[in-house]
Amino acid sequence: MNGPAAGQPRHVPVLPAEVLHYLSPAPGQLVVDATVGVGGHSLLLASHLGPEGRLLALDQDSAMLAVARSRLQGLPVQLVPSNFDQLRQVLDEQGIDRVDAVLAYLGVCSDQLNEAGRGFSFQQAGPLDMRMDPESGEPASALLKRLSERDLADVIYRFGEERFSRRIARKIVETRRETPLATTEQLAELVRRCVPRPKSYRPTIDPATRVFQALRIAVNDELSALEGLLAALPRCLKPGGRAVLISFHSLEDRRVKQAFADRERWQVLTKKPVVAAEEEVRDNPRSRSAKLRAAIYRPVV
Ligand SMILES: C[S@@+](CC[C@H](N)C(=O)[O-])C[C@H]1O[C@@H](n2cnc3c(N)ncnc32)[C@H](O)[C@@H]1O
């Protein structure tokens, strides 16, 4: 069997030293990891909380929670299946007023990308699903079938920042009249046929990258979930509590920056986003695009 269920998680937590520095977890604290994934950051954080502390770890993907559960055994961690935009409701259900720190590392794990059956990656042959929570919402194939040409172009342009969005949308609509777009390979090939190859000899990214990113963001309504989390943070953190958010693309980073710009609530700790050092990028290429922003919740009273 492929993927996390086979045993070894492959996802390496990015910016581990920086996460610890900005979140400053301490014994006895109550900390939230809003995106537990395969538990890499949670392992680090929980080991600083001592027997009196507690880590609440959320994920909307039950497959990730299962991996995290086995890795975090014996630590003061409570796993909660939930979208992080429900953080306030989760705390209410647990009888928690406010917490000391919140970490959110947005996007998907390598383990999700590498699981062909989830359909997140154009490098794996599989069904076009892309749902982080397979129990909710509609798969990417349904979106490709349902959206108008104009809406498809809009999704691809807004969430993928793809210049050839209209051409790709037109091709999707033409193709689906004949055959439903059901697999990652079909979509990747279609996109590659629409986007001209650059003349330069420099290595460039596969044009399917941007379209797959766009669809994943749309399928999981990722930007609305992020906005929900950012709006909830001031209702979840103690005054003096810390928030660290790690984004993978500018659409997310921009929203985090804007939320922390509210000086009546936030003391920003990272004027510019913190990025991985060369050494980390060499060891963990995925860390190349990570941008970390941190702030302390300091409401003006
Ligand atoms: C980049 S991974 C986190 C990796 C984790 N920090 C680690 O070290 O293993 C992101 C995780 O967040 C989850 N996720 C993304 N958006 C979410 C949301 N809105 N609510 C809950 N979980 C979410 C994904 O399912 C994925 O498991």
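The values are calculated or read from the model by the stated rules, or taken from the named source; none is laboratory data. Please read these numbers as outputs of a predicted model, since none were measured by experiment. No Cβ is skipped: glycine too gets one built from the backbone with ideal geometry, and neighbour counts run over all protein chains shown.
All conditions in (1) of a type in the set (S, T, N, Q); (2) within 18 Å of THR184 (Cα to Cα); (3) in the same structural domain as ARG193 (by TED's automatic domain parsing) hold for GLN124, with the sole exception of (3).
For the stretch 272-281, the criterion of being surrounded by 13 or more Cβ atoms within 10 Å (Cβ to Cβ), among the small types (Gly, Ala, Ser) and not in a loop (DSSP other than H, G, I, E, B) is satisfied by no residue at all. Within the stretch 1-42, the set of residues being modelled with pLDDT under 95 and more than 19 Å from the chain's Cα centre (by Cα) comprises MET1, ASN2, ALA5, ALA6, GLY7, GLN8.
GLN258 satisfies every condition listed in (1) in contact with a strand residue (DSSP E or B) (Cβ under 9 Å, 6 or more places away or on another chain); (2) in a helix (DSSP H, G or I); (3) not small (Gly, Ala, Ser) except (1).
Cβ separations smaller than 6 Å between residues 6+ apart or across chains give the following pairs from the stretch 29-49 residues that are under 19 Å from ALA63 (Cα atoms) and β-branched (Val, Ile, Thr) to residues that are within 10 Å of the ligand (Cβ to nearest atom) and in a loop (DSSP other than H, G, I, E, B): VAL38/PRO9; VAL38/HIS11; VAL38/CYS109. Screening ALA243, ALA277, ALA231 for residues that are of a type in the set (Gly, Ala, Ser) and touching a Leu at 6+ places or on another chain (Cβ under 6 Å) leaves exactly one candidate, ALA243. Screening the stretch 142-228 for helices (runs of 4 or more DSSP H) wholly inside it with 2 or more residues that are at pLDDT 95 or above and closer than 30 Å to LEU87 by Cα returns the ranges 149-160, 208-219. Residues in the stretch 219-254 that are surrounded by fewer than 23 Cβ atoms within 10 Å (Cβ to Cβ), more than 10 Å from the ligand (Cβ to nearest atom) and more than 20 Å from GLN89 (Cα to Cα): GLY240, HIS249, SER250, LEU251, GLU252, ASP253, ARG254. Checking each residue in the stretch 66-101 for being among the β-branched types (Val, Ile, Thr), touching an Asp or Glu at 6+ places or on another chain (Cβ under 9 Å) and closer than 14 Å to LEU49 by Cβ picks out only VAL77.
Scanning the stretch 261-286 for residues that are β-branched (Val, Ile, Thr) and in contact with a strand residue (DSSP E or B) (Cβ under 7 Å, 6 or more places away or on another chain) returns VAL268, THR270, VAL274, VAL275. Condition check: in a helix (DSSP H, G or I) and either on the phi < 0 side of the Ramachandran plot or touching a Cys at 6+ places or on another chain (Cβ under 8 Å) (or both). Does GLY241 satisfy that? No; evaluated as a whole, the condition is false for this residue.
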